[in-house]
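Written below as structure tokens is the structure these notes are about.
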Amino acid sequence: MRAAAPVQKDGPRTNEDIRVREVQLIDADGENRGTVPIQEAIQMARDAGLDLVEISPNNNPPVCKILDHGKFKFQAQKKAAEARKKQKTVEVKEIKLRPGIDKHDYDVKMRSIQRFFEEGDKVKVTLRFRGREMAHQELGYKLLQKLKEDTTSIAKVEMEPMSEGRQIVMILAPR
């Protein structure tokens, strides 16, 4: 039977978890103290009532800083939450058309497409054929060409019209 591997803590190593002889030390005031033996660095952190936190473990010697570890973790969580909040996921919205679409219905679809682009989403235009409409696919390609021309000012074609069985698919992305 093999012993279980030690549990890896998330985040930077602190105090006794730092397993090197010497560290590049930055004190609580932000001043560089140079290369210091690890025991001396831990003692300085304890005297200040703070923790020794490994900031840059890949350097030789590793860079450690004397600071409050709880406050450090809290600020890192806040920074990560802020970054997540600023992220915008691009969704792909789908608009379904038929080859014999009426002028007014086409205008309604165009307004929806325009709204999707304003929200920063991509649009997948699907043109579906039924029955004997398959014999006149050129009408579908003409319709998609017209749609492409109508959206050139606000969108770029990410995927040209492509036939997939009984439908033609085209993907547009906002400019």
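The values are calculated or read from the model by the stated rules, or taken from the named source; none is laboratory data. What you see is a predicted model, and the numbers here were worked out from it, not measured in a lab. Backbone-built Cβ (ideal geometry, glycine too); neighbour counts: all protein chains shown. Just the protein is used for accessible areas: all its heavy atoms, side chains included, with ligands, DNA and RNA removed. Shrake-Rupley method; radii C 1.70, N 1.55, O 1.52, S 1.80 Å.
Annotation: amide H-H contacts under 5 Å for Arg13 (H modelled 1.01 Å from N, sequence separation of 5 or more, or interchain): Glu54. Annotation: per residue accessible area for the stretch 18-102 equals 71 Å², rounded to a whole number [probe 1.4 Å, protein chains only]. Backbone amide hydrogens, once placed in the peptide plane, bring Ile95 within less than 5 Å of Lys124, Val125, Thr126, excluding anything fewer than 5 places away on its chain. Here the accessible area of the stretch 1-149 is 48 percent carbon and sulfur, with a 1.4 angstrom probe and all protein chains present.
Based on C-alpha pairs under 8 angstrom that are at least 6 apart in sequence, the stretch 1-157 has a relative contact order of 16 percent. For the stretch 108-114, backbone phi angles converted through the Karplus equation (6.51, -1.76, 1.60; θ = phi - 60°) give residue-by-residue couplings of 4, 5, 4, 5, 5, 4, 4 Hz, Gly and Pro being listed as x.
Pairs spanning more than 19 Å between alpha-carbon atoms, out of Lys93/Lys142; Lys122/Lys156; Lys93/Lys148; Lys65/Lys86; Lys103/Lys148: Lys93/Lys142; Lys65/Lys86.
Extension gain for the segment Phe74 to Asp105, taken as residue separation times 0.36 nm less the Cα-Cα distance, is 5.9 nm to one decimal.
Report, in deg cm²/dmol and to the nearest 500, the calculated mean residue ellipticity at 222 nm for the chain, where each DSSP H run with n ≥ 4 adds -39500 (n - 2.57) and the sum is divided by the residue count. Could you put the intermediate results ahead of the total?
On the way: 4 runs with 59 residues, N = 175.
About -11000 deg cm²/dmol.
Annotation: the antiparallel percentage among DSSP beta bridges lying fully within the chain is about 75. Residues in the stretch 24-37 carry Karplus couplings, in order, of 7, 9, 10, 7, 4, 8, x, 8, 7, 9, x, 7, 10, x Hz; the curve used is 6.51 cos²θ - 1.76 cosθ + 1.60 with θ = phi - 60°, and Gly or Pro positions show x. Taking amide H atoms as placed 1.01 Å from N in the peptide plane, the amide H of Asp51 lies under 5 Å from those of Leu67, Asp68, His69, each 5 or more residues away in sequence or on another chain.
Work out the length of the dipole vector of the chain about its Cα centre, built from +1 on the beta-carbon of each Lys and Arg and -1 on the beta-carbon of each Asp and Glu, and round it to the nearest 20 debye. Each step should come with its number before you reach the end.
On the way: 34 positive and 28 negative charges, 207 e Å.
Charge dipole, the chain, about its Cα centre: 1000 debye, nearest 20.
If I take R0 = 35 Å and measure r between the Cβ atoms of Lys142 and Val90 in this structure, what FRET efficiency does the formula 1/(1 + (r/R0)^6) give, to the nearest 0.05? Write down the numbers at each step before the final one.
Details: r = 29 Å, r/R0 = 0.83.
Calculated transfer efficiency: 0.75.
Applied to the stretch 73-84, the Karplus parametrisation 6.51 cos²θ - 1.76 cosθ + 1.60 on θ = phi - 60° returns per-residue 3J(HN,Hα) values of 5, 4, 5, 5, 5, 4, 5, 5, 5, 5, 5, 5 Hz, with x for Gly and Pro.
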